[in-house]
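The values are calculated or read from the model by the stated rules, or taken from the named source; none is laboratory data. Just so it is clear, the structure is predicted and the values come from calculations on it, not from any experiment. We place every Cβ from the backbone using ideal geometry, glycine too, and count neighbours over all the protein chains shown.
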Amino acid sequence: MTFLITCYLLTGAIPKGDRDMSTNSRLSTPRESRRSFRPNYDPETFGQLSERFARFLGTARFLVYMTIFVALWIFWNIFAPSSLRFDEYPFIFLTLLLSLQASYAAPLILLAQNRQDDRDRVMSQEDRSRDERNLAVTEFMVREIAAMRRDLVEEIKILLKEQSRTQSETDTK
């Protein structure tokens, strides 16, 4: 506040950002966000990445890569010289890495499945509404055809009456 008063006394102008203090101090308007230490991410992008990851985990390529990785790990830690081995027989570090991979894979796969469920739900609702519109159009067309048939029958009756009348007139002459 003293900065604002000093600026006004020295220059006669209010600093650009503080011209309308009444609107800035209102509780109904949110303040600008402060610097946060939480990571900032786009949920849509994160969801797309999780879907790609889940799709990759479900491929034969991933199974082959994991099999090669585990086989090389075990082979190295059994047959390499003992000074170069980094994970002895119970392969605790390998177990830790596989558990870590599984702990990240499971939630990402669930996130991808939830997104797919949401897309399926939206598509189902769109299909249902399209089906309802098609049913309404079909019912309208059936009513129109029935009305046209009724009108056609009436026209045929009128024509037959006229034809019989003209025929009876020609017979009487």
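All told, Leu110 falls short of being in a helix (DSSP H, G or I), at pLDDT 95 or above, of a type in the set (A, V, I, L, M, F, W, C) and closer than 30 Å to Pro43 by Cβ.
Is there a residue being farther than 30 Å from Phe46 by Cβ, surrounded by 10 or more Cβ atoms within 10 Å (Cβ to Cβ), aliphatic (A, V, I, L, M) and modelled with pLDDT of 95 or more anywhere in the stretch 113-135? Checking the stretch 113-135: at least one residue is farther than 30 Å from Phe46 by Cβ, surrounded by 10 or more Cβ atoms within 10 Å (Cβ to Cβ), aliphatic (A, V, I, L, M) and modelled with pLDDT of 95 or more. I'd like to check something: does the stretch 96-105 contain any residue that is surrounded by 10 or more Cβ atoms within 10 Å (Cβ to Cβ) and over 22 Å from Arg52 (Cα atoms)? Within the stretch 96-105 (the criterion being surrounded by 10 or more Cβ atoms within 10 Å (Cβ to Cβ) and over 22 Å from Arg52 (Cα atoms)), the answer is yes, since at least one residue qualifies. Could you say whether any residue in the stretch 27-49 is modelled with pLDDT of 65 or more, in a helix (DSSP H, G or I) and acidic (Asp, Glu)? Yes, the stretch 27-49 contains a residue that is modelled with pLDDT of 65 or more, in a helix (DSSP H, G or I) and acidic (Asp, Glu).
Filtering the stretch 50-87 to residues that are basic (Lys, Arg), over 40 Å from the mean Cα position of the chain (by Cα) and assigned to a helix (DSSP H, G or I) leaves nothing.
For the stretch 114-124, check the following and say yes or no: at least one residue is in contact with a helix residue (DSSP H, G or I) (Cβ under 7 Å, 6 or more places away or on another chain), assigned to a helix (DSSP H, G or I) and either more than 30 Å from Leu49 (Cα to Cα) or not acidic (Asp, Glu) (or both). Taking every residue of the stretch 114-124 in turn, at least one turns out to be in contact with a helix residue (DSSP H, G or I) (Cβ under 7 Å, 6 or more places away or on another chain), assigned to a helix (DSSP H, G or I) and either more than 30 Å from Leu49 (Cα to Cα) or not acidic (Asp, Glu) (or both).
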